[in-house]
Each structure stands twice: as structure tokens, then as C-alpha cells.
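The values are calculated or read from the model by the stated rules, or taken from the named source; none is laboratory data. Every value quoted in this text rests on a predicted model; they were computed, and no experiment measured them. All Cβ positions, even for glycine, are placed from backbone atoms using ideal geometry, and neighbour counts span all protein chains on display. These accessible areas exclude ligands, DNA and RNA; they are computed on the full protein's heavy atoms, side chains included. Shrake-Rupley method; radii C 1.70, N 1.55, O 1.52, S 1.80 Å.
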Amino acid sequence: VTSLLAGVGVSGIIVAFALQNVLSDLFSSLSIHFDKPFKVGDFIAFGDYLGTVEKIGVKSVRIRSLSGEELIIPNQDITNERIKNYRSLHRRRVQFSFGVAYSTSNNQLKKIPPAIAKIIDDIELTDFSRAHFASLDSHAYTFEVVYFVNSSDYRTHMDIKQQILLGIKSYLEKEKINIPFPTQTIKLEK
């Protein structure tokens with residue numbers, strides 16, 4: 001009887017080790033089901049991965065990546081990561097900086113923020129937040145711009161960003177304000 005009980009005990013330990021990952025994925029699946037951090041059709045980012053959730057299974061989640069391949073991720077791996085779910089993104093904050101040449105006059109510098117405000121305000125689905133002469137960098141006067149896109153669609157965001165950048169470039173060309181290349185000047189003394 002003792003050897004039979006020892007055999008059952010050893011078998012139980014082997015079965016427990018074999019089922020450890022399966023049970024962990026099952027509990028993670030229940031966690032995903034009840035907590036609902038994402039659902040089929042959501043665009044999520046976690047770790048180094050980005051993609052659209054195609055299927056949530058008992059053992060794994062299937063995600064279609066941006067480049068087209070299907071990622072099959074164990075549920076336990078997903079529940080152990082921080083997840084960014086873009087489904088609930090209704091408004092996207094965008095911030096960028098750009099520089100203008102040191103040859104730009106004070107009068108021209110003062111006109112840049114209101115011009116950017118007008119460019120952004122004239123575009124549908126955007127809310128202008130601010131534009132400031134932010135710093136004196138080694139090769140340029142630097143402006144910082146912040147606005148909001150009232151859409152969760154990434155393509156819409158990028159179309160609007162392109163429209164704003166082209167508008168700023170056109171304004172700078174019209175005002176004959178140069179965007180400098182990072183350069184250095186070396187002066188040699190005799």
C-alpha cells in the first residue's frame with residue numbers, strides 16, 4: 001500500500017507540473033473574460049507587440065499585427081503585461097517641436113504662434129491647445145506645439161498631422177523663415 005501511495009503521489013506531482021501552464025492560461029482566460037481589458041476588434045499594444053485582437057481563446061489570444069502576420073500569445077503572457085487599448089481613445093493629444101533659423105527677426109518670431117493656431121483651428125476634428133517659442137537650441141529657435149485630434153482613427157490622426165505640417169511649412173516659406181540644418185561653425189584664430 002505504501003509503494004502504491006508513493007506512486008500516486010509522484011504521479012500527482014508530475015501531472016501538476018504538466019498542467020501548471022495549462023491551468024495558468026485557463027485562469028488568465030477567465031481573468032480576460034471577466035475583467036474585459038480588450039475585446040475582439042480592439043487595437044492593442046503590449047510589450048513590443050501591436051495589433052488587432054481577432055480571437056480570445058481558452059489558452060491564447062490571436063492578434064493580427066500591423067505587418068499582417070498572426071500573433072498567437074498565451075493568455076498568461078498577456079495578463080502579465082501592461083496593455084494599451086486604443087478602443088477607448090476618443091481624443092488624441094499630439095505634441096511636436098520644430099526650429100527656425102537664428103536669422104529670424106523678433107517680429108517674425110512673434111507671428112509664428114498665432115499663425116500655427118490659425119492653421120490648426122481651420123482643420124476639422126482638431127482643437128488647438130498651444131504654440132510657444134520654447135527654447136534656444138544650439139542651431140535654432142525652437143517652438144513647441146500641442147493640439148488634440150478628436151478621433152481615435154490613426155489614419156485620420158496622421159492625415160491631420162500631415163496637413164498641419166504642410167501648413168506650417170507653407171507659412172514659413174511665405175514669410176521667408178528658414179528651417180535650419182544642425183550645423184557648427186568653427187572659428188580659427190591666427
Can you spot a residue in the range 143-157 that is more than 24 Å from the chain's Cα centre (by Cα), open to solvent by less than 60 Å² (accessible area, probe 1.4 Å) and modelled with pLDDT of 95 or more?
no
Looking at the range 99-128, which of the residues that are of a type in the set (Gly, Ala, Ser) and within 26 Å of the chain's Cα centre (by Cα) is nearest to Pro182 (Cα to Cα)?
Gly99
What's the total number of residues in the range 52-95 that are touching a Pro at 6+ places or on another chain (Cβ under 9 Å), of a type outside the set (D, E, K, R) and open to solvent by 50 Å² or more (accessible area, probe 1.4 Å)?
2
Inside the range 57-141, counting only strands (runs of 3 or more DSSP E) that do not spill past its ends, which hold 2 or more residues that are of a type in the set (A, V, I, L, M, F, W, C)?
60-65, 70-74, 92-100, 126-136
